[in-house]
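Asker: This is the structure, below, for whatever I ask next.
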Amino acid sequence: MSNIKLDIINAACFLQPGTVEAFEPKVKAAQEALENGTCPGNDFLGWLHLPSSITDEFISEIENTAKVLRENCEAVVVAGIGGSYLGAKAVIEALGNSFEWLMNDKNNPTILFAGNNISEDYLYELTEYLKGKRFGVINISKSGTTTETALAFRLLKKQCENQMSKEMARKVIVAITDEKKGAARICADKEGYKSFIIPDNVGGRFSVLTPVGLLPVACAGFDIKALVRGAQEMEAACGKDVPFAENPAAQYAAVRNGLYESGKKIEIMVNFQPKLHFMSEWWKQLYGESEGKEGKGIFPASCDFTTDLHSMGQWVQEGERSIFETVISVEEPNKKLLFPSDEENLDGLNFLAGKRVDEVNKMAELGTRLAHVDGGVPNICISIPRLDEKYLGQLIYFFEIACGISGNVLGVNPFNQPGVEAYKKNMFALLDKPGYEAESEAIKKRVGVEG
């Protein structure tokens, strides 16, 4: 069995000798607290052994539902925000053809995303695109009242019913929501939608391996059995009984906390494959929402190289030394393309003739990592054999378990997000939502908005 691999040599060398090893007791205690359910937020640990608990029957139910959508829809809109869409989008983008949306592939519905913003232009353009098309909706919301998602779902539900009839809408609208309560559950039961449960003990940013992520990925035509199998392999590789030196999640948690204590406050997630852009976006939510509280936490940022070397490269190379990098390195691309020779050689690139394009990319990656280390940027490398379902499943679980350990080492509750509610209270007050009358008057005076 091959797994993703972690290399911390070019990060640990920036720390005092023995620093990483000194974290072993803290990391072990943090992981034991997760396993024993004694850590803060222990009512949200359902993700910890989720991969190994997924049954073949459950996978079949997801696949059968995806089959209904695939057979009846040209497009499927995933309505959700944060962890309710980022994980699915990360996997779909990583596995899909970058130009599939231009190919009009009738075998797979186009997977679209809504409910993650409140842009009128975006929603107008989406509803215009869907006119005349057979489309379905996967509505992902525990409560059914999250503003961004509820707003989008109301628009999409009406349009789906008007274009395809209420009877067909019942067939192609799926709810992923709370088991018993909330507006989305009431709506699903009333309308007769197929529904799946978001487990109460799994927070949104840890929900990729629940129906939240699995159903959209299956609708896109990818192998969710392999995705889950990869996560299961990584669950075993990062178990509490695995020795510290052999546990990649424990090592990652240790080195990043060591770097944080040494003054490295920003972690830049780097890829050299544009397909991994949304994996970085999912990772940013996972770590930002888990660790950024109580005045603590590494700030998670991301760069797509080599693209961003022509915009952010100067700052990374010579800016303030408060950063470290974590590079996801894909060992083998899924396709092969050779660089051609040219008789005139005006660009001077004939020395590359006959080489795989990926060889050029790999040397750019290695050269960049060396330059940044020389420039004072600690460098962690995560090697993934190739972009496929199994290794993405491994990567997802690796980041999840490392996040739980790291947050506990930091001394925060990695599973809540109290700061997320602040903007919502202000927004509801400004919109005169019933129940916010007192806040409405106060905040409108503050910002000079007329009532």
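The values are calculated or read from the model by the stated rules, or taken from the named source; none is laboratory data. These numbers were taken from a predicted model, which means no experiment stands behind them. A quick note on method: Cβ atoms are made from the backbone with ideal geometry, for glycine too, and the neighbour counts reach across all protein chains shown. Protein only, heavy atoms only, side chains kept; ligands, DNA and RNA dropped before computing areas. Shrake-Rupley method; radii C 1.70, N 1.55, O 1.52, S 1.80 Å.
Asker: Is there a quick way to get the dipole size of the range 204-248? I mean about its Cα centre, with the Cβ of Lys and Arg at +1 and of Asp and Glu at -1; what is the value in debye to the nearest 20? Numbers along the way, then the final one.
Answerer: Values: 4 positive and 5 negative charges, 39 e Å.
For this selection, approximately 180 debye.
Asker: Name the residues whose placed amide hydrogens come within less than 5 Å of the amide hydrogen of residue 269, ignoring near sequence neighbours (fewer than 5 apart) on the same chain.
Answerer: 301, 302, 303, 326
Asker: Less than 13 Å Cβ to Cβ from residue 335, Lys/Arg counted +1 and Asp/Glu -1: what total charge do the surrounding residues give? Intermediate values should be presented prior to the final figure.
Answerer: Values: positive: 275, 336, 356, 386; negative: 332, 358, 388.
After counting each charged neighbour, the total is +1.
Asker: Using the charge dipole of the chain (Lys, Arg: +1 at Cβ; Asp, Glu: -1 at Cβ; taken about the Cα centre), state which of 139, 434, 410 has its Cα farthest towards the positive end.
Answerer: With unit charges placed on the Cβ atoms, the residue in question is 434.
Asker: Okay, helix-only estimate at 222 nm for the chain: each DSSP H run of n ≥ 4 adds -39500 (n - 2.57), divide by all residues, round to 500 deg cm²/dmol; what do you get?
Answerer: Details: 19 runs with 221 residues, N = 451.
When only DSSP H runs of four or more count, the value is -15000 deg cm²/dmol.
Asker: Sticking with this structure for a sec: Can you run phi through the Karplus equation (6.51, -1.76, 1.60; θ = phi - 60°) for the range 171-183 and list ³J(HN,Hα) in whole Hz, with x for Gly and Pro?
Answerer: Couplings: 7, 10, 9, 10, 9, 10, 7, 5, 5, 10, 10, x, 4 Hz.
Asker: Given the protein chains as shown and a 1.4 Å probe, how many square angstrom of residue 315 are accessible, to the nearest 10?
Answerer: Answer for residue 315: close to 100 Å² accessible.
Asker: Under a 1.4 angstrom probe, counting protein chains only, how are 423, 391 ranked by accessible area, largest first? Mind dumping the intermediate values first?
Answerer: On the way: 423 100, 391 5 Å².
So, going from the largest accessible area down, we get 423, 391.
Asker: Could you sort 111, 138, 186 by accessible area so the largest value comes first, with the probe set to 1.4 Å? Could you put the intermediate results ahead of the total?
Answerer: Details: 111 30, 138 0, 186 110 Å².
Solvent-accessible surface, decreasing: 186, 111, 138.
Asker: For the range 143-279, report the convex hull volume of the alpha-carbon atoms normalised per residue, in Å³, without decimals.
Answerer: Considering the Cα atoms of the range 143-279, their hull volume per residue is 181 Å³.
Asker: Dipole of the range 323-415, Cα-centred, from +1 at each Lys and Arg C-beta and -1 at each Asp and Glu C-beta, to the nearest 20 debye? Walk me through the numbers before you get to the answer.
Answerer: Details: 8 positive and 14 negative charges, 72 e Å.
Roughly 340 debye for the range 323-415.
Asker: Still on this structure: Stokes-Einstein diffusion coefficient for the range 49-226 at 25 °C in a medium of 0.890 mPa s, Rh from the Kirkwood formula over Cα pairs: what value in µm²/s? It would help to have the intermediate numbers written out before the result.
Answerer: On the way: Rh = 16.1 Å.
My calculation gives 153 µm²/s for D.
Asker: Quick one: which of 181/390; 89/166; 26/296; 194/425 span more than 24 angstrom between C-alpha atoms?
Answerer: Values: 181/390 34 Å; 89/166 28 Å; 26/296 17 Å; 194/425 32 Å.
Flagged as over cut-off: 181/390; 89/166; 194/425.
Asker: Now for a separate question. Given H placed 1.01 Å from N in the peptide plane, which residues other than close sequence neighbours of residue 330 have an amide H under 5 Å from its amide H?
Answerer: 272, 384
Asker: Would you tally the net charge around residue 228, using a Cβ to Cβ cut-off of less than 11 Å, leaving residue 228 out, and scoring K and R as +1, D and E as -1? Don't skip to the end; give the middle numbers.
Answerer: On the way: positive: 225, 229, 390; negative: 56, 223, 233, 235, 389.
Overall, the nearby charge balance is -2.
Asker: Continuing with this model, one more query. How much of residue 86 can a 1.4 Å solvent probe reach, expressed as accessible area in Å² and rounded to 10?
Answerer: The value for residue 86 is about 20 Å².
Asker: Got a number for carbon plus sulfur as a percent of the chain's accessible area, 1.4 Å probe? Walk me through the numbers on the way to the answer.
Answerer: Details: 11100 of 21020 Å².
On the chain, the fraction of accessible area on carbon and sulfur atoms equals 53 percent.
Asker: Straight-line reach from residue 355: which lysines fall under 24 Å, measuring Cα to Cα and dropping same-chain residues less than 8 apart?
Answerer: 275, 335, 336
Asker: With θ taken as phi - 60° and the coefficients 6.51, -1.76 and 1.60, list the Karplus ³J(HN,Hα) couplings across the range 316-328 in order, rounded to whole Hz; mark glycine and proline as x.
Answerer: Couplings: 4, 6, 9, x, 4, 8, 10, 10, 9, 10, 10, 9, 8 Hz.
Asker: If you place +1 on the Cβ of every Lys and Arg and -1 on the Cβ of every Asp and Glu, how big does the dipole about the Cα centre of the chain come out, in debye to the nearest 20?
Answerer: Values: 48 positive and 62 negative charges, 241 e Å.
Computed charge dipole of the chain: roughly 1160 debye.
Asker: Right, another one. Provide the net charge surrounding residue 398, with neighbours chosen by a C-beta distance below 11 Å and charges set as Lys +1, Arg +1, Asp -1, Glu -1.
Answerer: -2
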